[in-house]
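K.L.:
Here it is, the structure, as structure tokens.
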Amino acid sequence: MGIERLANIEITDEDILWVEEMMGDGIHFDAARIEVIKNMNSVDVQAFPGSGKTTILVAKLAILAKKWPYNNAGICVLSHTNVAREEIENRLGNTEIGHRLLSYPHFIGTVHSFFDTYVALPWLKSKGYEINMIDTAHVTSLRWSYLPYNTRSYLEKQFKNEAICEYKNAVGAIDWDKNGTTKDLILSAIEKTQKLGYFTFNEMLLYAKKALEEWGEMSASIQSRFPILFIDEAQDTDTFQWSLLNNAFNSDEIKSIRQGFGDSNQAIYGNIYLEDITGNFPRDNALVLSESRRFDSAIANLANTVALSKEQMQGTDNLFTQREIRNTIFLFKKENATQVIDEFGKYVLEVFTDEELQVYAKEGIHVIGMVHDKKEETKEKQFPKGIYDYWEGYEAKKVNKRVIPKVLIEYFRNGIFEFHNTGEKSIQIEWICKGLRRLVNKSKSCNYIPATGNILNSFMKLLCDEQKSSFRVMLAELADNTGSISLNEWKEMVKLIVKILEMFDAKPNEAVKSFVKWSEQQEEVVEGGNMEKKILPNHYIYTDEETGRIVDMEFGSIHSVKGRTHLATLVLETYMRSHNIKSILKYLCGNEPKTKSCPEKKLKCQYVAMTRARALLCLAVPIDFVDETTRKQLKQLGWNIVFT
């Protein structure tokens, strides 16, 4: 049963009809989805790709916000991205319900921000610490600079860098097991900066753990403040974070409802080399949303071969089902690897009309692989190692830090790209701060905010305590966008940017207006047939020589497309310790080996990659990796085999 204090909140059929109408876009929830929305018990939801998980969660939140009886206790929604928040803003942003959800007493944010706000920061302040900066890259760099030159040189010879300058696994512990002067110097640098108020993101979680252990009453306080907790993308919560959540929302003293939403097959965040498998999600007796509304059973059946969950995903017939599109594996000779992209482009033009490509342009045609960042030359046995071995024009790092952006939006785009490339939100925020610094200085017509190594701290020194909190909130909102910024989105962001200007008594002059103007992200234009196409970074344009028709293909890592829907996807073979698709061929053939010889994360990455496409799924694999027996098995499962 649900928590006693929430027993009076009941979600009815009338509530379902109300939220369907309010959310619009022809949304209609079937019996399985209504069961999830109505459920007020502590239960998890195993939701397969394309099942509408986030939409269901937002609908449930809207109904709860409408009925919420408390003004000093709220709903807590945690995730590792801001997808849920963005969905609320898109669906409910202009409604009273949306404003309620996004403001006190409710909390919608990341796991890190929750434990910072409600656990680590109060505990640290009670111990006399000031908080000036929470940022991994800046803080570890600062600490590294505190070390003597000869110590840094010695550590570099031991293949250590500034990453060693933070606590790991526990407060007071570092990634250095030798006692002596070196260890003492590292610990001294960490302690010195912490006394000045500088912490890394991971250290804040370590202090949150310490606070929960020392303040036994904190769990009851948190559950009283948040009687219901939703965890979105729950499969990406690691062991340490689950431990924190279990301590904060103590399962031994059930005073709150906890529901996790996610897909156990898609847990791909974190270190790809490490297996961080936990039994925390989904819990027993989970509700299952097995029907995908993204693609039909043809793609669902192929993706099921690499799924780790016991439940099988089901597809749903769509506009493309009757066309009987052939999902294809391109088998290529290694010397012909660069021809694979054109073969895929040619096939896409055979399958889809120009009208369909235009209608689904926002979803697009994507070419993805697990390895995309070139760090060294590819050895013969590793080929093809990364996306760059198929198209030499691909650049994992598109941002040239030596080129100063001409307009503010380019700082935001650079930050978004760096976030996808590194996974570090701090680097994205750094780019935003660089742009805002130039903006304020243009308004003031002077070097009002100096260019320092700690750019965020440069802002903070000019603000009072109340303003600091507001500035952090607005900065976090500006960093919420991790995709392509549309014109309308930029207009809304500019409204927030103007408020930041006001905090520094700065006014929009002509220089400011010119700097914040909208700018398309483009490099060049290609014409083909009746179509004109702007080429964006890492977009490859295939042109059919006979007809002049073109298709735009966007390249990127598997991690960068998680949560997205494509019209068509090509998954490339890449190499990380071994060739990824080759290592899971038995699974792809529907023959799960008796002994698992490949890391589960390779299967999960492949599963994410194979569940993006709405209509066409393709793989590209060297012909040497697939013998005749394997080809026959793949054909029996529904794959079309094409030799390149």
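K.L.:
Does Ala307 satisfy the criteria of being within 22 Å of Lys604 (Cα to Cα), of a type outside the set (Asp, Glu) and modelled with pLDDT under 95? First the steps, then the outcome.
P.N.:
Details: within 22 Å of Lys604 (Cα to Cα): yes; of a type outside the set (Asp, Glu): yes; modelled with pLDDT under 95: yes.
Judged against the criteria, Ala307 is a match.
K.L.:
Working only within the range 109-118, note down all residues that are open to solvent by 20 Å² or more (accessible area, probe 1.4 Å) and either in a loop (DSSP other than H, G, I, E, B) or free of Cβ contacts under 8 Å to residues at least 40 places away in the same chain (or both).
P.N.:
Thr110, Thr117
K.L.:
Still on this structure: When you scan the range 81-101, how many residues do you find that are open to solvent by 50 Å² or more (accessible area, probe 1.4 Å) and either hydrophobic (A, V, I, L, M, F, W, C) or farther than 15 Å from Leu57 by Cα (or both)? Walk me through it before giving the result.
P.N.:
Just the residues of the range 81-101 that are open to solvent by 50 Å² or more (accessible area, probe 1.4 Å), to begin with: 83, 86, 89-91, 94, 96, 99-100.
Checking the rest, the ones that are also either hydrophobic (A, V, I, L, M, F, W, C) or farther than 15 Å from Leu57 by Cα (or both) come to 83, 94, 96, 99-100.
Going through the range 81-101 one residue at a time, the tally reaches 5.
K.L.:
Which residues, taken from the range 493-509, are in a loop (DSSP other than H, G, I, E, B), open to solvent by 20 Å² or more (accessible area, probe 1.4 Å), touching a Leu at 6+ places or on another chain (Cβ under 9 Å) and of a type outside the set (D, E, K, R)? So that I can check it myself, show each step before the final result.
P.N.:
Start the filter on the range 493-509 by keeping residues that are in a loop (DSSP other than H, G, I, E, B), which leaves 504-509.
The next check asks that each one be open to solvent by 20 Å² or more (accessible area, probe 1.4 Å); those that pass are 505, 507-509.
Then drop every residue that is not touching a Leu at 6+ places or on another chain (Cβ under 9 Å), which leaves 507-508.
If the condition is that a residue be in a loop (DSSP other than H, G, I, E, B), open to solvent by 20 Å² or more (accessible area, probe 1.4 Å), touching a Leu at 6+ places or on another chain (Cβ under 9 Å) and of a type outside the set (D, E, K, R), then Pro508 is the only one that fits.
K.L.:
Please state which one of Ile75, Ile108, Ile131 is of a type in the set (Val, Ile, Thr) and more than 30 Å from Ser458 (Cβ to Cβ).
P.N.:
Working: Ile108 fails: more than 30 Å from Ser458 (Cβ to Cβ); Ile131 fails: more than 30 Å from Ser458 (Cβ to Cβ).
Step by step, each of Ile75, Ile108, Ile131 is checked, and only Ile75 is of a type in the set (Val, Ile, Thr) and more than 30 Å from Ser458 (Cβ to Cβ).
K.L.:
From the list Glu166, Glu130, which residue is of a type outside the set (A, V, I, L, M, F, W, C) and within 27 Å of the chain's Cα centre (by Cα)?
P.N.:
On the way: Glu130 fails: within 27 Å of the chain's Cα centre (by Cα).
None of the other options fit; the residue is Glu166.
K.L.:
Let me spell it out: the conditions are (1) over 28 Å from Gly483 (Cα atoms); (2) touching a Leu at 6+ places or on another chain (Cβ under 6 Å); (3) charged (D, E, K, R), and Asp317 meets all of them except one. Which number is the exception?
P.N.:
Tallying (1) over 28 Å from Gly483 (Cα atoms); (2) touching a Leu at 6+ places or on another chain (Cβ under 6 Å); (3) charged (D, E, K, R), Asp317 fails exactly one: (2).
K.L.:
I'm checking my understanding of the structure. Among residues of the range 613-644 that are outside any strand (DSSP E or B) and aromatic (Phe, Trp, Tyr), which one is most open to solvent (accessible area, probe 1.4 Å)?
P.N.:
Kept after step one, since they are outside any strand (DSSP E or B), are these residues of the range 613-644: 623-639, 644.
With the extra rule that they be aromatic (Phe, Trp, Tyr), the set shrinks to 625, 639.
Numbers: Phe625: 30, Trp639: 11 Å².
Filtering first and then ranking leaves Phe625.
K.L.:
Of everything in the range 127-148 that's polar (S, T, N, Q) and surrounded by 19 or more Cβ atoms within 10 Å (Cβ to Cβ), which residue is farthest from Phe201 (Cα to Cα)?
P.N.:
Going through the range 127-148, the residues polar (S, T, N, Q) turn out to be 132, 136, 140-141, 145.
Narrowing further to those that are surrounded by 19 or more Cβ atoms within 10 Å (Cβ to Cβ): 136, 140.
Details: Thr136: 6, Thr140: 11 Å.
So the residue we want is Thr140.
K.L.:
Hey, can you tell me all the residues within the range 195-211 that are more than 25 Å from the chain's Cα centre (by Cα) and open to solvent by 20 Å² or more (accessible area, probe 1.4 Å)? Spell out the reasoning first.
P.N.:
The first filter runs over the range 195-211 and keeps only residues more than 25 Å from the chain's Cα centre (by Cα), leaving 195-198, 210-211.
Listed by number, the residues that qualify are Lys195, Leu196, Tyr198, Lys210.
K.L.:
Same structure, new question: Is it the case that Ile541 is surrounded by fewer than 21 Cβ atoms within 10 Å (Cβ to Cβ) and more than 16 Å from Phe417 (Cβ to Cβ)? Write out each step before concluding.
P.N.:
Values: surrounded by fewer than 21 Cβ atoms within 10 Å (Cβ to Cβ): yes; more than 16 Å from Phe417 (Cβ to Cβ): yes.
Yes: the conditions hold for Ile541.
K.L.:
Report those helices (runs of 4 or more DSSP H) wholly inside the range 1-77 carrying at least 1 residues which are touching a Phe, Trp or Tyr at 6+ places or on another chain (Cβ under 6 Å) and at pLDDT below 95.
P.N.:
Numbers: elements: 13-23, 31-38, 53-67.
Passing ranges, in order: 53-67.
K.L.:
Sort out which residues of the range 479-492 are at pLDDT 90 or above and open to solvent by less than 20 Å² (accessible area, probe 1.4 Å), and write them in order of number.
P.N.:
Correct list: Trp490 only.
K.L.:
Collect the residues in the range 541-551 that are touching a Gly at 6+ places or on another chain (Cβ under 7 Å) and assigned to a strand (DSSP E or B), keeping them in residue-number order.
P.N.:
Restricting attention to the range 541-551, the residues satisfying the condition of being touching a Gly at 6+ places or on another chain (Cβ under 7 Å) are 542-543, 547-551.
Tyr542, Thr543, Ile550, Val551 - these are the residues of the range 541-551 that are touching a Gly at 6+ places or on another chain (Cβ under 7 Å) and assigned to a strand (DSSP E or B).
K.L.:
When the residues of the range 330-361 are filtered to those that are touching a strand residue (DSSP E or B) at 6+ places or on another chain (Cβ under 9 Å) and in a loop (DSSP other than H, G, I, E, B), which remaining residue is nearest to Lys582 (Cα to Cα)?
P.N.:
Residue satisfying both the conditions and the ranking: Lys333.
K.L.:
If you take the residues of the range 216-240 that are small (Gly, Ala, Ser) and crowded, with 16+ Cβ neighbours inside 10 Å, which of them is farthest from Gln266 (Cα to Cα)?
P.N.:
First pass over the range 216-240, keeping only residues small (Gly, Ala, Ser): 216, 219-221, 224, 234.
Among the residues that remain, those that are also crowded, with 16+ Cβ neighbours inside 10 Å are: 219, 234.
On the way: Ser219: 30, Ala234: 10 Å.
By that ranking, first place goes to Ser219.
K.L.:
If you go through the range 457-478 one residue at a time, how many are open to solvent by 20 Å² or more (accessible area, probe 1.4 Å) and assigned to a helix (DSSP H, G or I)? Even if it seems obvious, please write down each step before you answer.
P.N.:
Here is the first cut: in the range 457-478, the ones open to solvent by 20 Å² or more (accessible area, probe 1.4 Å) are 461-462, 464-470, 472-474, 476-477.
Pick out the ones that are also assigned to a helix (DSSP H, G or I) and you get 465-470, 472-474, 476-477.
Total satisfying the criteria: 11.
K.L.:
On the basis of being β-branched (Val, Ile, Thr), surrounded by 14 or more Cβ atoms within 10 Å (Cβ to Cβ), assigned to a helix (DSSP H, G or I) and more than 29 Å from the chain's Cα centre (by Cα), does Val512 make the cut?
P.N.:
Details: β-branched (Val, Ile, Thr): yes; surrounded by 14 or more Cβ atoms within 10 Å (Cβ to Cβ): yes; assigned to a helix (DSSP H, G or I): yes; more than 29 Å from the chain's Cα centre (by Cα): yes.
So Val512 fits the description; yes.
K.L.:
Right, another one. Determine which single condition Met22 fails, assuming it passes every other condition in (1) closer than 24 Å to Leu308 by Cα; (2) open to solvent by 10 Å² or more (accessible area, probe 1.4 Å).
P.N.:
(1)
K.L.:
Could you grab me the full set of residues in the range 149-194 that are open to solvent by 50 Å² or more (accessible area, probe 1.4 Å), in a helix (DSSP H, G or I), farther than 26 Å from Gln428 by Cα and charged (D, E, K, R)?
P.N.:
Within the range 149-194, Arg152, Glu156, Lys157, Asp184, Glu191, Lys192 meet the criteria.
K.L.:
Going by what's in this entry, would Tyr448 be described as farther than 18 Å from Phe201 by Cβ and modelled with pLDDT under 85? Don't jump to the end; show me each part of the working.
P.N.:
Numbers: farther than 18 Å from Phe201 by Cβ: yes; modelled with pLDDT under 85: yes.
Answer is yes for this residue.
K.L.:
Just to be sure before I move on: is Thr422 at pLDDT 90 or above and open to solvent by 30 Å² or more (accessible area, probe 1.4 Å) in the structure I sent? Steps first, answer last, please.
P.N.:
Working: at pLDDT 90 or above: no; open to solvent by 30 Å² or more (accessible area, probe 1.4 Å): yes.
Answer is no for this residue.
K.L.:
Cβ-Cβ distance below 9 Å, separation of 6 or more or different chains: which pairs start in the range 238-251 with a residue that is within 15 Å of Thr110 (Cβ to Cβ) and end on one that is open to solvent by less than 50 Å² (accessible area, probe 1.4 Å) and of a type in the set (D, E, K, R)?
P.N.:
Close Cβ pairs (under 9 Å, with a partner that is open to solvent by less than 50 Å² (accessible area, probe 1.4 Å) and of a type in the set (D, E, K, R)) amount to Leu245/Arg258.
K.L.:
For Val608, state whether it is within 18 Å of Asn265 (Cβ to Cβ), among the β-branched types (Val, Ile, Thr) and assigned to a helix (DSSP H, G or I). Walk me through it before giving the result.
P.N.:
Numbers: within 18 Å of Asn265 (Cβ to Cβ): yes; among the β-branched types (Val, Ile, Thr): yes; assigned to a helix (DSSP H, G or I): yes.
Yes.
K.L.:
Still on this model: Which condition number in (1) crowded, with 18+ Cβ neighbours inside 10 Å; (2) modelled with pLDDT of 85 or more is the one that Val407 fails?
P.N.:
Val407 satisfies every listed condition except (1).
K.L.:
Give the range 555-608 a look and list any residue that's open to solvent by 30 Å² or more (accessible area, probe 1.4 Å), touching a Ser or Thr at 6+ places or on another chain (Cβ under 8 Å) and free of Cβ contacts under 8 Å to residues at least 24 places away in the same chain, or say none.
P.N.:
Correct list: Ser583, Ser597.
K.L.:
Specify which of the listed residues (Leu206, Leu244) is at pLDDT 95 or above and not in a strand (DSSP E or B).
P.N.:
Working: Leu244 fails: at pLDDT 95 or above.
The match here is Leu206.
K.L.:
Are there any pairs, at least 6 apart or on different chains, whose C-beta atoms fall under 9 Å, with the first in the range 367-390 and over 22 Å from Thr611 (Cβ atoms) and part of a helix (DSSP H, G or I) and the second open to solvent by less than 30 Å² (accessible area, probe 1.4 Å) and among the hydroxyl-bearing types (Ser, Thr, Tyr), and if so, which?
P.N.:
Tyr388/Tyr394; Asp389/Thr574
The values are calculated or read from the model by the stated rules, or taken from the named source; none is laboratory data. The structure displayed is predicted, hence computed values, not measured ones. FYI the Cβ positions are ideal-geometry reconstructions off the backbone, even for glycines, and counts take in every protein chain you see. Keep in mind that these areas ignore ligands, DNA and RNA; they rest on the heavy atoms of the full protein, side chains included. Shrake-Rupley method; radii C 1.70, N 1.55, O 1.52, S 1.80 Å.
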